[in-house]
Amino acid sequence: MPFLNTANNEQDGKVMRQFAVIGLGRFGASVAVSLAKMGYDVLAVDTDEHLVEAIVDKVTHAVQADALDEESLKALGIRNFDVVIVAIGHDMQASILTTVMLKEMGVETVVAKARTELHGRVLAKVGADKVVFPERDMGARLARGLVSKNILDQIELSPDFSLLELVAPEEFVGQSLAESAFRRKYGVNILAIRRGPEVLISPGAKEIINEGDLLVAIGRNDRLQRLGGD
């Protein structure tokens with residue numbers, strides 16, 4: 001009998017995705033809690049009773065189970081989840097075998113955490129739909145933050161293109177988006193402006209940039225870095 005409903009939940013007429021997170025170390029617990037705060041159904045799984053107890057009040061369900069026990073995963077209805085995140089970090093073999101098992105069970109999307117490039121390649125080979133490198137990516141973000149005075153976050157969409165969040169550069173404050181000429185001068189597009197609790201999606205050309213605005217831009221990596229300054 002599945003632990004959560006076999007069908008997606010509906011909330012306010014919208015289909016809600018269901019997530020399962022296997023492995024509740026710092027990365028796995030952070031992902032699980034973040035998804036739960038966003039309103040999604042989240043099942044958190046770990047073999048460590050203490051880690052499960054620490055998160056039980058922060059997610060939809062938290063259970064102690066062995067990810068390598070296929071029958072236990074079936075009992076949880078794991079194949080019915082839209083996305084399963086394999087966040088096992090200390091045991092590469094366990095993360096690989098769990099990924100294989102999940103795909104064989106018919107899980108639609110498996111996201112697996114990798115510790116090394118080799119680990120990541122193996123995970124991709126055995127069926128992981130997406131491989132993430134939290135330690136490496138965190139290091140890259142820190143490095144960007146250290147060398148750039150404006151860049152807050154950067155998400156790589158491909159080897160050449162990224163989505164960038166940055167504090168509005170001083171020279172643009174008081175100008176409209178048209179006057180700032182982001183597209184013509186820098187070759188990037190501004191997708192949104194975060195202004196305190198307010199988020200302006202697809203701001204118009206006449207929108208004035210205020211001090212403290214956070215700009216969400218998309219473009220080629222080299223041009224985004226120019227925009228971020230050094």
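Nothing in this text is a laboratory measurement; each read-out follows from the coordinates by a stated rule. Everything numeric in this text was worked out from a predicted model, so none of it was measured. Backbone-built Cβ (ideal geometry, glycine too); neighbour counts: all protein chains shown.
Worth a mention:
- Computed from the C-beta positions of LYS125 and LYS74 and an R0 of 22 Å, the FRET efficiency is 0.35 to the nearest 0.05.
- Cα pair distances in the range 13-65, grouped into 10 Å bins until the bin that holds the longest one, percent each: 30, 56, 12, 2
- Neighbour-count order for VAL31, VAL111, fewest beta carbons within 10 angstrom listed first: VAL111, VAL31
- Reachable aspartates and glutamates from LYS125, criterion Cα separation under 15 angstrom, eight or more residues apart if same chain: GLU104, GLU117
- Eligible aspartates and glutamates near LYS130 by straight Cα distance, threshold 12 Å, same-chain separation 8 or greater: GLU108
- Efficiency of FRET between ALA178 and SER158 - r from beta-carbon atoms, R0 35 angstrom, step 0.05: 0.80
- DSSP bridge orientation in the range 9-132 - percent antiparallel, rounded to nearest 5: 15
- Put in order of Cβ neighbour count within 10 Å, fewest first, the listed residues MET38, MET92 become MET38, MET92.
- Which of THR98, THR109 has the fewest Cβ neighbours within 10 Å, and the rest in rising order: THR109, THR98
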